[in-house]
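One structure is given here, and the rest of the page talks about it.
The values are calculated or read from the model by the stated rules, or taken from the named source; none is laboratory data. Note that the structure is predicted; figures quoted are calculated from it, not measured. Cβ sites come from the backbone with ideal geometry, for glycine too, and all protein chains shown count toward neighbours. SASA here: full protein model, heavy atoms, side chains in, ligands and nucleic acids out. Shrake-Rupley method; radii C 1.70, N 1.55, O 1.52, S 1.80 Å.
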Amino acid sequence: MDSTYGMLVTAFGTDFLRYVLATPEGGSVNLEARNVNRDVLNELFQIAVGLHGNGDRVTGAIQANSYLVGYSEEYQTSRANAMRMRNGGDLPEIPSAGSDDFVNCMRLIARDLWPSYFLLPPPSEGARTFYTAAPVGVIQHPRLEATYRALLSDARLAKLFPNVAADAPMEEISWCASIWYVSGGISGTKDPLSLLSGLMFDASVRARLGGEHLTFESLSRHLEESIDTLRRLADGESVRVPTIVGFSGVRLPVGASVELGDGTFRSMRPVERDLLFSAGKDVTLVYETSFPLSIYAITENDLGVVPEATSQKWHEATREAHRSFNADIDKARLSLLLCSKGENFLATREHSRFFSDPTSLGGISVVESGSPIVCHDVSFEIISEAVQLHRIVRNGHPDSLDIAMRRVLLAASSRDEAADSLIDALVAWENMFGTSQETTFRVTASLAKLIESDQAARREFQKALGKIYSIRSKLVHGAKELPLDDASHKQRVKAIRVAIDGLRALYIDRNDLLGLKSEERSMRLLLEG
């Protein structure tokens, strides 16, 4: 029986087994318990055997999921719910949304399909959300037509599909589609079936991202929240949606989080590791925040090609939304990096990000390439310091230091070649104090004066910076890559350390220089007494 239990857990996960076998909340799954229906157990075992023997795990998992969310005419619910009923379990009650027909219809379908969100996605290097969000169960549900008509009868949601009426023939509704231009980046053709499935998946993710245990009650509550988001988007509003970014490089103490103005650094949760982050095994730190989602325009699917100028306008708006969003994340990352001591840089390399987008089936998953970097544990003292620094960076960071911020983050986290890392660090130097003339001296002298308080040591420090600059000049003018030796490593680390110290000093000690251009910044610093 142990081997059977192991196979079932591998195929379905403990939460799904506990639900369909009607195991009391918090109790252990006992396959030999008296209430366990042997026919149900055998049915699950046959599905698990099929999954185990299927060479294509993804196809096999989708087929199994499709079977379990399929509708049982005998029990008037999904097969997964029917299994629970055959084991003596009750189905959850459906809360009423009053006169909101669309929410009521969606909750009824969700009650039949929600156990599928317990199922484990098959192993995959890419995004795995489509597996759980796939609309197989929705298209088989007898309440589909009523839900479609409730969607199109809703004065706000009807704007999403302007080319079909609520009283149109079912075939016409099923095949209707619109082209949406969305700030999240996944623009294109949208149809009602995918929208219904995406809304339910979005609700399940919102519940689990909030740290809640997934129940039908929590899913129902967040389903109304997801539908409200969609209505506001249809009205032309910009709505902030839950977004998470996964990094390697930093690990927080158990149970700790870093609350910042734009989001929170915290440890990874199971839903992120198992479903949302394709590189979950590499992630040691999660940044939980929100993204300003908008639907810029909706056009009928049969209007032909959108004018290039109009399309370009929406693409530019999308790029600007992501640029601003990335800048906020970079400020949070920089706040950690500025807390670095010695050579142990608190650098973060991004691996995955997920936008909880109800307009897109399965949300939006973005995967970044690159191997994980060395991980450093942070103390509660550093957490406190990072919070204070983020407040300073968030309120005082000027656009003129955007390049310095991006390049020092790249140098410390994302460059696999020492030469690239060193060049990035020196670009950060130049963004702080560069000028069109006498670049080397102006930059190194300004940094030396800013960082080194001892006048006697300042000259030697400036000379050391000049030597690093000479290496950079040789590299960009055709010299060979830096050798993989201790000297090259030390030069790279030194360049990054100076960039960090320079930025930290500007933010904390000399914020009067922040608003200046790089040349003005260096001029004022060097001409001081």
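Restricting the search to the stretch 198-240, which residues are touching a residue at least 60 places away in the same chain (Cβ under 8 Å) and either assigned to a strand (DSSP E or B) or within 16 Å of the chain's Cα centre (by Cα) (or both)? Across the stretch 198-240, the qualifying residues are Phe201, Asp202, Ala203, Ser204, Val205, Arg206, Arg208, Leu209. Selection of the stretch 187-214 for residues being farther than 12 Å from Leu361 by Cβ and either modelled with pLDDT under 90 or in contact with an Asp or Glu (Cβ under 9 Å, 6 or more places away or on another chain) (or both) yields Ser187, Ala203, Arg206, Arg208, Leu209, Gly210, Gly211, Glu212, His213, Leu214. Summed over the stretch 491-528, the residues that are assigned to a helix (DSSP H, G or I), among the charged types (D, E, K, R), surrounded by fewer than 15 Cβ atoms within 10 Å (Cβ to Cβ) and in contact with a helix residue (DSSP H, G or I) (Cβ under 7 Å, 6 or more places away or on another chain) give a count of 1. Listed conditions (1) of a type outside the set (A, V, I, L, M); (2) in contact (Cβ under 8 Å) with a residue 60 or more places away in the chain; (3) closer than 29 Å to Asn395 by Cβ are all met by Ser278, apart from (3).
The residue list Asn87, Asn81, Asn65 contains one member that is open to solvent by less than 70 Å² (accessible area, probe 1.4 Å) and farther than 21 Å from Thr4 by Cα, which is Asn81.
Listed here are the residues, each with its yes/no results for (1) open to solvent by less than 80 Å² (accessible area, probe 1.4 Å); (2) within 18 Å of Asp501 (Cα to Cα); (3) in contact with a His (Cβ under 6 Å, 6 or more places away or on another chain).
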{"residue": "Phe380", "(1), (2), (3)": "no, no, no"}
{"residue": "Gly396", "(1), (2), (3)": "yes, yes, no"}
{"residue": "Asp402", "(1), (2), (3)": "yes, yes, no"}
{"residue": "Glu430", "(1), (2), (3)": "yes, yes, no"}
{"residue": "Ser453", "(1), (2), (3)": "no, yes, no"}
{"residue": "Glu460", "(1), (2), (3)": "no, yes, no"}
{"residue": "Leu465", "(1), (2), (3)": "yes, yes, no"}
{"residue": "Arg472", "(1), (2), (3)": "yes, no, no"}
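Which residue pairs have Cβ atoms under 8 Å apart, sit 6 or more places apart or on different chains, and have a first residue in the stretch 90-108 that is closer than 20 Å to Thr229 by Cβ and acidic (Asp, Glu) and a second that is in a loop (DSSP other than H, G, I, E, B) and open to solvent by less than 40 Å² (accessible area, probe 1.4 Å)? Note: pairs meeting the criteria are Asp101/Asp154. Here the helices (runs of 4 or more DSSP H) wholly within the stretch 70-144 that include at least 2 residues being within 30 Å of the chain's Cα centre (by Cα) and at pLDDT 95 or above are 101-113.
I'm checking my understanding of the structure. Among residues of the stretch 236-255 that are of a type in the set (A, V, I, L, M) and open to solvent by 10 Å² or more (accessible area, probe 1.4 Å), which one is modelled with the highest pLDDT?
Leu252
Selection within the stretch 355-386: residues that are hydroxyl-bearing (Ser, Thr, Tyr), assigned to a loop (DSSP other than H, G, I, E, B) and touching a residue at least 24 places away in the same chain (Cβ under 8 Å). The member of this set that is nearest to Leu338 (Cα to Cα) is Ser379. The set of residues in the stretch 90-119 that are surrounded by fewer than 18 Cβ atoms within 10 Å (Cβ to Cβ) and of a type in the set (Gly, Ala, Ser) comprises Ser96, Ala97, Gly98, Ser99.
Between residues in the stretch 27-48 that are part of a loop (DSSP other than H, G, I, E, B) and residues that are surrounded by fewer than 11 Cβ atoms within 10 Å (Cβ to Cβ) and among the aliphatic types (A, V, I, L, M), which pairs lie under 8 Å by C-beta distance while being six or more apart or on different chains? Cβ pairs passing all conditions: Leu31/Met1; Glu32/Met1. Condition test on Ala150, is it among the hydrophobic types (A, V, I, L, M, F, W, C), closer than 17 Å to Ser197 by Cα and modelled with pLDDT under 90? Spelling it out, it is not the case that Ala150 is among the hydrophobic types (A, V, I, L, M, F, W, C), closer than 17 Å to Ser197 by Cα and modelled with pLDDT under 90. Residues in the stretch 326-335 that are open to solvent by less than 10 Å² (accessible area, probe 1.4 Å) and either of a type in the set (A, V, I, L, M) or out of contact with any helix residue (DSSP H, G or I) (no Cβ under 6 Å at 6 or more places or on another chain) (or both): Ile329, Ala332, Leu334.
Would you confirm whether any residue within the stretch 49-65 is within 31 Å of the chain's Cα centre (by Cα) and under 27 Å from Glu225 (Cβ atoms)? Yes, the stretch 49-65 has at least one match.
Quick grid of which residues meet (1) of a type in the set (Phe, Trp, Tyr); (2) loosely packed, with under 15 Cβ neighbours inside 10 Å; (3) within 30 Å of Asp15 (Cβ to Cβ); (4) at pLDDT 90 or above:
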{"site": "Leu275", "(1), (2), (3), (4)": "no, no, yes, no"}
{"site": "Thr284", "(1), (2), (3), (4)": "no, no, yes, yes"}
{"site": "Phe291", "(1), (2), (3), (4)": "yes, no, yes, yes"}
{"site": "Leu303", "(1), (2), (3), (4)": "no, yes, no, no"}
{"site": "Leu337", "(1), (2), (3), (4)": "no, no, no, yes"}
{"site": "Ile364", "(1), (2), (3), (4)": "no, no, yes, no"}
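The set of residues in the stretch 153-172 being assigned to a helix (DSSP H, G or I), over 31 Å from the mean Cα position of the chain (by Cα) and of a type in the set (A, V, I, L, M, F, W, C) consists of Met170 alone.
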